[in-house]
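**Q** Mind having a look at this structure? Questions to follow.
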Amino acid sequence: MKAAVFSSTHTAPQSFLHVEDVPPPQLEAGHVLLRVVACGVCRTDLHIVEGDLPPLRPSLIPGHQIVGEVIGGATQELPLGTRVGVSWMGGVDGDCWYCHHGMENLCDKPVFTGYTVDGGYAEYVLARADFTFPLPPGLDDAHVAPLLCAGIIGFRSLRVAGVEKGERVGLFGFGSSASLAIAILQSWKCEVYVVTRGESHRKLATSLGATWVGKEDEKPAVMLDRAITFAPSGKVVVSALASLRKGGVVAINAIHLDHVPAFDYDTLLWGERQIRSVANMTRQDANDFLKIANDLRIRPNVTEFALDDANIRASLRPSQQPATCQGWIARCKGIETLRLFANPSNARCRVVGFLRVTGWKQCKIGKICTHVVGSPTSLNAYISSTCLFCSINNNVWRRGRDSNPRYPCEYV
């Protein structure tokens, strides 16, 4: 079968996946064999191939927002031809303390689709029968795929935050998951306040009827009852706390988070405010959300592409198209690296792009000769104090030519 395979030893940036012919999965007891109809691309897939999540297997087929048709291992509940969905949570041991206490999402020995086992970037996939979800006929293949992770985990985030009908809820970051959660909040008569850095995301939030929409450095004029953060940024968590009333909850919807800045306990956390993380999902979450999504006719915006193009899509974050940088390069305080960010007066260095550059460019600060290259595991830009050469990953980059042609050429 054809599959997009990720190797943990890959070295070429932007070439995370290789489409190959691999043996199809063999049917096992308690599993069903699915013909993959569609598979969504999730941010977690990017965390895996970029190294934010440690590799667990030497090679892997990613993908965990799978729509498939049962072609093997059929049961009375799942006859041949049944259309089912498969999500990130691909199985649990059923024996640990968490499984016995209704918290299977925290299982000690979980199976993660597209991470601990092969996923849906392939023509066929094997899935545990008890972790598949029959899909309502009103949700077509392409539009139901993103619901199987982004939608479910967004719904769980609302539960973890303890959202009640009619409350003021903040969504910090407005990517796929948040844009699906807003419809549920509106059906609960909640006021929705969106804080996000991307102009396109702000326009989307406005078009979807958010009560208020602001930039990342703006704060709602009212105190929020609940807040959910969707960006993998610790700074965003602190911003959410600053907008929260006493007794409110911040739920962090992120499988990976960067450093959380120090903050003042007395003003931001005291008053029985809470910070909670959102970890995985349960089968009950999935079934409940899919019913709600069908009832509310939730339809995400999707872009369809062929399996052969999976490497291109997996290499780019939704807001990280090549050469999207605002054009500034500046030095983070106390850190011997450079990051790309939009506002040169912002000492926190907010990253705005993933850039690939060969050739020399004189830095506007400190007369440092800089050479910027997108790394598969970070957004750092490397610096040198000399204009003669710059050492990047033990490769020498010389004036006027690239000694390592693996990296594509593109000036900032």
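**Q** Looking only at residues that are in a strand (DSSP E or B) and within 17 Å of the chain's Cα centre (by Cα) in segment 151-194, which one is surrounded by the fewest Cβ atoms within 10 Å (Cβ to Cβ)? Explain how you work it out, then say what you get.
**A** Within segment 151-194, the subset in a strand (DSSP E or B) is 168-172, 191-194.
Narrowing further to those that are within 17 Å of the chain's Cα centre (by Cα): 171-172.
Numbers: LEU171: 31, PHE172: 27.
Selected residue: PHE172.
**Q** Could you check segment 122-150 and list, in sequence order, the residues that are in contact with a strand residue (DSSP E or B) (Cβ under 7 Å, 6 or more places away or on another chain), of a type outside the set (Val, Ile, Thr) and not in a strand (DSSP E or B)? Spell out how you get there, then give the answer.
**A** The first filter runs over segment 122-150 and keeps only residues in contact with a strand residue (DSSP E or B) (Cβ under 7 Å, 6 or more places away or on another chain), leaving 122-129, 131-135, 141-142, 144-146, 148-149.
Checking which are of a type outside the set (Val, Ile, Thr) leaves us with 122-124, 126-129, 131, 133-135, 141-142, 145-146, 148-149.
Within segment 122-150, GLU123, ALA129, PHE131, LEU135, ASP141, ALA142, ALA145, PRO146, LEU148, CYS149 meet the criteria.
**Q** Could you list all residues from segment 82-99 that are part of a helix (DSSP H, G or I) and not aromatic (Phe, Trp, Tyr)? Before you say what the answer is, go through the steps one by one.
**A** Going residue by residue through segment 82-99, those that are part of a helix (DSSP H, G or I) are 97-99.
Correct list: CYS99 only.
**Q** Turning to a different aspect of this structure: Residue by residue through segment 235-269, note down the ones that are surrounded by 18 or more Cβ atoms within 10 Å (Cβ to Cβ), among the small types (Gly, Ala, Ser) and outside any loop (DSSP other than H, G, I, E, B).
**A** SER239, ALA240, GLY248, ALA251
**Q** Moving on to the next point. Restricting to segment 81-98, name every residue that is crowded, with 16+ Cβ neighbours inside 10 Å and at positive phi.
**A** GLY91
**Q** Now, a different point. Identify, from the list GLY63, GLY68, GLY119, GLY102, the residue that is among the small types (Gly, Ala, Ser) and in a strand (DSSP E or B).
**A** Working: GLY63 fails: in a strand (DSSP E or B); GLY119 fails: in a strand (DSSP E or B); GLY102 fails: in a strand (DSSP E or B).
Going through GLY63, GLY68, GLY119, GLY102 in turn, the sole match is GLY68.
**Q** Shifting gears a bit: ALA210 fails exactly one of the following numbered conditions: (1) modelled with pLDDT under 95; (2) among the small types (Gly, Ala, Ser); (3) farther than 26 Å from ARG283 by Cβ. What is the number of that condition?
**A** Tallying (1) modelled with pLDDT under 95; (2) among the small types (Gly, Ala, Ser); (3) farther than 26 Å from ARG283 by Cβ, ALA210 fails exactly one: (1).
**Q** Checking LEU27 against (1) in contact with an Asp or Glu (Cβ under 8 Å, 6 or more places away or on another chain); (2) not in a strand (DSSP E or B), only one condition comes out false. Which one?
**A** Only one criterion is unmet by LEU27, namely (1).
**Q** Next question. Look through segment 103-128, keep the residues that are among the hydrophobic types (A, V, I, L, M, F, W, C) and crowded, with 18+ Cβ neighbours inside 10 Å, and return whichever of them is nearest to VAL160 (Cα to Cα). Working first, answer last.
**A** As a first pass, look at segment 103-128 and keep what is among the hydrophobic types (A, V, I, L, M, F, W, C): 103, 106-107, 111-112, 117, 122, 125-127.
Filter once more, keeping what is crowded, with 18+ Cβ neighbours inside 10 Å: 107, 112, 117, 122, 125-127.
Values: CYS107: 17, PHE112: 21, VAL117: 27, ALA122: 33, VAL125: 31, LEU126: 30, ALA127: 27 Å.
Taking the candidates together, the pick is CYS107.
**Q** Within segment 257-264, is there a residue that is among the charged types (D, E, K, R), under 22 Å from GLY51 (Cα atoms) and in contact (Cβ under 8 Å) with a residue 12 or more places away in the chain? Give the derivation first.
**A** Residues of segment 257-264 among the charged types (D, E, K, R): 258, 264.
Cutting the leftovers down to under 22 Å from GLY51 (Cα atoms) gives us 258.
Pick out the ones that are also in contact (Cβ under 8 Å) with a residue 12 or more places away in the chain and you get 258.
The answer is yes, given that some residue of segment 257-264 is among the charged types (D, E, K, R), under 22 Å from GLY51 (Cα atoms) and in contact (Cβ under 8 Å) with a residue 12 or more places away in the chain.
**Q** Let me ask another. Check ASP93 against each of (1) more than 26 Å from the chain's Cα centre (by Cα); (2) without any contact (Cβ under 8 Å) to a residue 40 or more places away in the chain and name the one condition it does not meet.
**A** For ASP93, the failing item is (1).
**Q** Would you mind stating whether VAL222 is of a type in the set (Val, Ile, Thr) and either assigned to a loop (DSSP other than H, G, I, E, B) or not assigned by TED's automatic domain parsing to the domain that holds HIS259 (or both)?
**A** Working: of a type in the set (Val, Ile, Thr): yes; either assigned to a loop (DSSP other than H, G, I, E, B) or not assigned by TED's automatic domain parsing to the domain that holds HIS259 (or both): yes.
Considered against the rule, which asks whether it is of a type in the set (Val, Ile, Thr) and either assigned to a loop (DSSP other than H, G, I, E, B) or not assigned by TED's automatic domain parsing to the domain that holds HIS259 (or both), VAL222 comes out as yes.
**Q** Is there a residue being without any contact (Cβ under 8 Å) to a residue 24 or more places away in the chain and either surrounded by fewer than 16 Cβ atoms within 10 Å (Cβ to Cβ) or out of contact with any strand residue (DSSP E or B) (no Cβ under 9 Å at 6 or more places or on another chain) (or both) anywhere in segment 31-53? Please lay out each step first, then the result.
**A** Taking segment 31-53 as the starting set, the residues that turn out to be without any contact (Cβ under 8 Å) to a residue 24 or more places away in the chain are none.
No, segment 31-53 has no match at all.
The values are calculated or read from the model by the stated rules, or taken from the named source; none is laboratory data. This one's a predicted model, so the numbers in the text were calculated from it and none came from an experiment. Please note: Cβ atoms are built from the backbone with ideal geometry, for glycine as well, and neighbour counts cover all protein chains shown.
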